[in-house]
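Beneath this line is the structure, given in structure tokens, with notes to follow.
The values are calculated or read from the model by the stated rules, or taken from the named source; none is laboratory data. Note that the coordinates shown come from a computational prediction; the quantities given were computed from them, not determined experimentally. Cβ placement follows ideal geometry from the backbone for every residue including glycine, while neighbour counts extend to all protein chains displayed. SASA here: full protein model, heavy atoms, side chains in, ligands and nucleic acids out. Shrake-Rupley method; radii C 1.70, N 1.55, O 1.52, S 1.80 Å.
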Amino acid sequence: MNLFKSKYFYKFSRNPLSVVGLVIVTTIVILSIFAPFITPFPEHVGPFTDFANKSKPPSSTYIFGTDKIGRDIFTRVIFGYRISLTLGIVVLAIAVPIGVTMGLCAGYVGKKTEMILMRITDVFLAIPALVLALSIIGLLDRPNLFYTMIAVSMAWWPWYTRLIYNITRSVKTEGYIAAAEIMGASKMHIMFREILPNCLPSLLTKITLDLGFVILVGSSLSFLGLGAQPPTPDLGTMVAKGASVLPDTWWFSLFPGFAILIVVLGFNLVGDGLKDMFDVDV
Amino acid sequence: MNTLQYFLRRIFVSIIVFFGVSIVIFCLARLIPGDPARIALGPFATDEMVEQLRETLHLNESIFIQYGIFIEKLFQGDLGISTYTKRPVLVDIVSYFPATFELVLMSGLLMILIGMPLGILSGKFKNSIIDNIARLISLLGVVTPSFLWAIILMLIFAFWFPILPVSERMNEALDPPTLVTGLLLVDSLLEGNFKVFGDAFLHLILPGLAIALPAIGNVARLTRTNLSDVYEKQYIEFAKSYSFSEYRIATKYALKPASIPTVTIIGLDFAFMLGNAFLVETVFVWPGMAKYGVEVILAKDLNGIIATALVITTFFLIINMIVDFVVLLLNPRITTKD
């Protein structure tokens, strides 16, 4: 089946905002994959200094200006996207399998399993996500990117448990589940081969939306100095560094800040498009 | 089930969740690899000092006993000594929490006072300029990090058009009111000191707005959808056929049911706002829980971290309970359901 000729893609492409989102996301992914070849000053990523060109406002050479030790902010923003995207992918790669498995178990097995798993989920949902992530980072050793990923994953899985649990509950009374049970299919088979495929449209939509929101939370943590440590070019860290020297050198923090906004916006628009396309609610 | 039973059950559930949260946070604090005493004291402390701190923190007992001691002390109002400020954690919380409380309440107020009218207007004038602006705000609100809002608001209203103050809770030149509740607005009113009241209010606007903006769009969008749903109901047709005035239909029949989903979502929005308060407080040098929280996190102060997480979560639980009661007042049928 040709994807671009399918009715799904037709529905998706009818909404100009979704297409804009797709363009934003694709551009950012391509830029960050080929960052070393595309950016004008790839050497500015690390602990590079060029005091002759420090704190330069945006110009044709440095389109986002330079920071206070003369590094090109545009280059660092593009490399910052690499960190952000990695964070988003790794966090969801940890959180989604945990959440999905727990949701399937709670919804399908029911009884005590359901009660215990859902109460645990409720407790985790009662703690504001950012506060939970902050506390976990605080309890781990020195802040770094890996710990940020762990902390955000810990705060993120309950949402998937809740989503998959609700779908499982509504699907498990269907005839084909009963048929599979009568034929003696194992619980594992029913959960992962019969129920899970029904969750995929919602799951895919939520993952797309969440890629943006995980990046948002991740950059919030590094904004507080609890994420990737310098000289790693992290977007949140760059905003924080610039915030102390407002308003004179506004480009220090505004450009990295807008860079975060754009990537979150991109994933959000695509996610909304998928929501309409699959006609799901997440 | 009558209203009282509903109330009691709701409170009971909240207490259970609170204990769950305390177990989660406590376990995280104890099960994470590394010796908390060693981390708190740093690599240069002697083994005796570490052992002594382990003794004071009861780290040598089993985890169940440790949790028991923790809960027992919690109910005596003893959250332990902060290894960072060297003061009882409770004293720290009492001095930092009111600032955050005041700020988040202000944001909640702004969220409702701006979000709901915006939603009503955009529902009334569909596809007009107002409607499009409301849509833009709700889209941008959700995807913009609140620290970016803080920076943008700061640049516009404090530096380019300097009309609002940007740091701390009040002008340092003014005498602070005597501490009663810790909320500057309340304390200054109690003293009748309107100068401080006005000043503190101005200081609240920008950080409050920065926290509220992501939620404002949410509230506006929900109000718009729900209002248009309600206007299609038969009882509105009925009221119209009685030629009741549009104002009466809106205020008496449409707004109340339409606001129920919005009020429900406000509870969830508070979780985001409490998290966002951490970011915005940092930008506006606000002496609240965020400042304290980040400091204790960087100092690896175990008691401080646990207390911060517990206080914020408790606040969130209470807000959610209040929200549920408000929903009950708006929709009394809830109690008879199950």
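Would you calculate the convex hull of the Cα atoms in region B:54-166 and tell me its volume per residue in Å³? The partial results should precede the final answer.
Details: hull volume 22.7 nm³, N = 113.
Convex hull of Cα atoms, per residue: 201 Å³.
Lysines near B:Lys124 by alpha-carbon distance under 29 Å, same-chain residues fewer than 8 away left out - which ones?
Answer for B:Lys124, where 29 Å is the Cα cut-off: A:Lys11, A:Lys275, B:Lys233, B:Lys240, B:Lys252, B:Lys256, listed by chain and number.
For the residue pair B:Lys240 and B:Arg9, what label-to-label distance in nm results when each label sits 7 Å from Cα along the Cα-to-beta-carbon direction?
3.8
How much accessible surface area, in Å² rounded to 10, belongs to the heavy atoms of A:Ile63 with a 1.4 Å probe?
80
In a Gaussian network model over chain A where Cα atoms closer than 10 Å are linked, find which of A:Phe48, A:Phe255, A:Phe12 has the largest mean-square fluctuation.
Highest fluctuation of the listed residues: A:Phe48.
Rg/Rh for chain A to two decimals, with Rh computed the Kirkwood way over all alpha-carbon pairs. Could the numbers behind the result be given before it?
Numbers: Rg = 21.9 Å, Rh = 20.8 Å.
My calculation of the ratio gives 1.06.
Kirkwood hydrodynamic radius of the protein assembly as shown from all distinct Cα pairs, in Å? Don't jump to the answer; show the numbers that get you there.
Details: mean 1/r = 0.0376 Å⁻¹.
The Cα-based Kirkwood calculation yields 26.6 Å.
Write down Rg/Rh for chain B, rounded to two decimals, with Rg from the C-alpha atoms and Rh from the Kirkwood relation over Cα pairs.
On the way: Rg = 23.8 Å, Rh = 22.8 Å.
So for chain B, dividing Rg by the Kirkwood Rh gives 1.04.
How would A:Thr86, A:Thr208, B:Thr262 line up by accessible area, probe 1.4 Å, largest first? Present the calculation step by step, with values, prior to reporting the outcome.
Numbers: A:Thr86 65, A:Thr208 20, B:Thr262 0 Å².
Sorted descending by solvent-accessible area, the residues read A:Thr86, A:Thr208, B:Thr262.
Short version: which residues of region A:243-272 lose at least 40 Å² of accessible area, all chains versus chain alone, 1.4 Å probe?
A:Leu246, A:Pro247, A:Leu254, A:Leu261, A:Leu265
If you average the alpha carbon positions of region A:15-81 and of region A:194-256, how far apart do those two centres end up, in angstrom?
The distance from the Cα centre of region A:15-81 to that of region A:194-256 comes to 16 Å.
On C-alpha positions alone, give me the angle between the axis of helix A:111-126 and the longest principal axis of chain A, in degrees, nearest 10.
Computed tilt is about 20 degrees.
Carbon and sulfur together cover what percent of the accessible area of region B:277-330 at a 1.4 Å probe radius?
Details: 1100 of 1410 Å².
Percent of accessible area from carbon and sulfur atoms in region B:277-330: 79.
Probe of 1.4 angstrom, ligands and nucleic acids ignored: what's the accessible area per residue over chain B, in square angstrom? Write out the running numbers ahead of the final one.
Values: 16820 Å² over 338 residues.
That works out to 50 Å² per residue.
Using alpha carbons only, how many angstrom separate the centre of region B:136-184 from the centre of region B:192-207?
Cα centroid to Cα centroid, the span is 11 Å.
Any idea of the total accessible area buried by the B-A contact, 1.4 Å probe, rounded to 100 Å²? Present the calculation step by step, with values, prior to reporting the outcome.
Numbers: alone 18630 and 14320 Å², together 29340 Å².
Protein heavy atoms only, the B-A interface buries about 3600 Å².
Please determine, in degrees from 0 to 90 and to the nearest 10, the orientation of helix B:63-75 with respect to the longest principal axis defined by the Cα atoms of chain B, where the helix direction is its Cα long axis.
So the helix axis and the longest Cα principal axis differ by about 60 degrees.
Return the aspartates and glutamates within reach of A:Lys68: Cα separation strictly under 13 angstrom, same-chain partners fewer than 8 residues apart disregarded; answer none if there are no such residues.
Partners found: A:Asp50, A:Asp248.
What ranking of B:Glu61, B:Glu281, A:Glu114, B:Glu232 comes out by heavy-atom accessible area, probe 1.4 Å, highest first?
Details: B:Glu61 85, B:Glu281 5, A:Glu114 40, B:Glu232 150 Å².
So the residues, ranked largest to smallest area, are B:Glu232, B:Glu61, A:Glu114, B:Glu281.
With the cut-off at 31 Å, tell me which of the pairs A:Lys206/B:Lys126; A:Lys7/A:Lys111; B:Lys126/B:Lys195 have Cα atoms farther apart than that.
Numbers: A:Lys206/B:Lys126 29 Å; A:Lys7/A:Lys111 41 Å; B:Lys126/B:Lys195 42 Å.
Cα-Cα > 31 Å for A:Lys7/A:Lys111; B:Lys126/B:Lys195; rest within.
Mind pulling the angle between the C-alpha long axis of helix B:129-143 and the longest principal axis of chain B? Nearest 10 degrees, somewhere in 0 to 90.
Tilt of helix B:129-143: around 20 degrees.
Among A:Gly107, A:Gly88, A:Gly138, which one moves the most in a GNM of chain A with springs linking Cα atoms closer than 10 Å?
Answer for the Gaussian network model of chain A: A:Gly138.
In whole percent, and with a 1.4 Å probe on the protein chains, what portion of the accessible area of region A:61-204 is carbon and sulfur? All intermediate terms of the calculation are to be shown ahead of the outcome.
Numbers: 3980 of 5990 Å².
Summing carbon and sulfur atoms, their accessible area is 66 percent of the total for region A:61-204.
Per-residue accessible area for B:His203 at 1.4 Å probe radius, Å² rounded to 10?
Probe radius 1.4 Å; accessible area of B:His203 about 10 Å².
Nothing charged except the Cβ atoms of Lys and Arg (+1) and of Asp and Glu (-1): what's the magnitude of the dipole of region B:1-152 about its Cα centre? Round to the nearest 20 debye. Numbers along the way, then the final one.
Numbers: 11 positive and 11 negative charges, 184 e Å.
With Lys and Arg at +1 and Asp and Glu at -1, about 880 debye.
Quick one: Cα convex hull volume of region A:120-220, Å³ per residue? Display every interim value, and only then the final one.
Details: hull volume 11.8 nm³, N = 101.
That works out to 117 Å³ per residue.
Whole angstrom only: what separates the Cα centroid of region B:284-338 from the Cα centroid of region B:1-76?
That distance is 18 Å.
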